[in-house]
Amino acid sequence: MADRMSALRLFVRVARGGSFSRAARELGLSQPSASRIIATLEKQIGARLFTRSTRALALTEAGAEYLARVETALAALDEADHVARGTGELRGTLRVAASSSFTEHALIPKLKEFLARNPKLRIVLLVNDQRQALITEGVDVAFRFGSLGDSTATARRLGTIERVLVASPAYLRRAGRPQAPAELTSHDIVAGPMGAEGWTFEKDGRRVSLRLEGRLVVSANEGAVAAAVAGLGIAATGIIASRHRLGSGSLVRVLPDWQMGSVDVHAVFPSGRAAKAAARALAEHMMGEFRE
């Protein structure tokens, strides 16, 4: 039974990662051993789970159906083990997806305490500024911002991140400090992942919306903030990502009397199976970032 459970966990890892070698490496196996285990599993259940070629590895129709049922069963088993232990101890591997900025400024600073409380838990961070596909990449929990669209995944709102305008002191000395939103049209704008087309400002019941074209467009928030530090213009970012630079003086707030609103932060769990206990626990732990 233990061998069968190990084979099932390997099957899930191969299916989600699309690679025997990657799954073997993550589980401490050789690639030939991983291939033999999956071949034995296919023989035991009497169905081919993967189509293999020199260029691609893909689930068969039977493999896709088997994956959905196996993941649900393994998640239920992990939850049963967690409840039976009665200690709150978390074990196994947790795959977490987040943007580079959130990972650096919010997630990693909170992980030390979380991992110390759960010494038998292993975390794999999947850092990407584009939204990862939870199912195909085997993500257990992803941290996402703003509207979730029509996603069928389960989500838990953790809190909000205040948006702020920032620039370097050197840029403001050179270009002048805007006193009202309308003056931004004469400034260099650094457009981050959310763009600059829909900046909205509020003050004393007054609302101003601007559509600005970024002179520099950066696909990652960290890049946009770095560009602002380098004096390339004014950028909009979350307060968490800019907090230490504001504290050091390498950035300053622009139009601090005007509010830009905030962005919702969610922990998102893949649909079709119960969320791992460790994924739920990490989401709860991260809520502290937004209470402080």
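Against the criterion of being loosely packed, with under 14 Cβ neighbours inside 10 Å and at positive phi, Gly28 qualifies. Would you pick out the residues in region 233-273 that are surrounded by fewer than 19 Cβ atoms within 10 Å (Cβ to Cβ), on the phi > 0 side of the Ramachandran plot and more than 24 Å from the chain's Cα centre (by Cα)? Correct list: Gly249 only. Number of residues in region 24-57 that are touching a residue at least 24 places away in the same chain (Cβ under 8 Å) and under 20 Å from Arg4 (Cβ atoms) equals 9. The number of residues in region 127-176 being more than 13 Å from Asp264 (Cα to Cα), modelled with pLDDT of 85 or more, surrounded by 15 or more Cβ atoms within 10 Å (Cβ to Cβ) and of a type outside the set (Ser, Thr, Tyr) comes to 10.
Condition check ((1) buried (at least 17 other Cβ atoms within 10 Å of the Cβ); (2) in contact (Cβ under 8 Å) with a residue 40 or more places away in the chain; (3) under 23 Å from Arg173 (Cα atoms); (4) small (Gly, Ala, Ser)) across all residues:
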{"position": "Thr200", "(1), (2), (3), (4)": "no, yes, no, no"}
{"position": "Arg207", "(1), (2), (3), (4)": "no, no, no, no"}
{"position": "Val218", "(1), (2), (3), (4)": "yes, no, no, no"}
{"position": "Ala227", "(1), (2), (3), (4)": "yes, no, yes, yes"}
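Out of all the residues in region 196-253, which are part of a strand (DSSP E or B) and of a type in the set (Ser, Thr, Tyr)? Selection gives Thr200, Ser209, Thr237.
A residue that is surrounded by 14 or more Cβ atoms within 10 Å (Cβ to Cβ), touching a Phe, Trp or Tyr at 6+ places or on another chain (Cβ under 9 Å), within 26 Å of Arg122 (Cα to Cα) and not acidic (Asp, Glu) occurs somewhere in region 69-79.
Would you check if Leu111 is touching a residue at least 24 places away in the same chain (Cβ under 8 Å) and either among the polar types (S, T, N, Q) or outside any loop (DSSP other than H, G, I, E, B) (or both)? Spelling it out, it is not the case that Leu111 is touching a residue at least 24 places away in the same chain (Cβ under 8 Å) and either among the polar types (S, T, N, Q) or outside any loop (DSSP other than H, G, I, E, B) (or both).
The values are calculated or read from the model by the stated rules, or taken from the named source; none is laboratory data. Only a predicted model underlies this, so the values are computations on that prediction, with no experimental measurement involved. Using ideal geometry, Cβ is built from the backbone for each residue, glycine included, and neighbour counts are taken over all protein chains shown.
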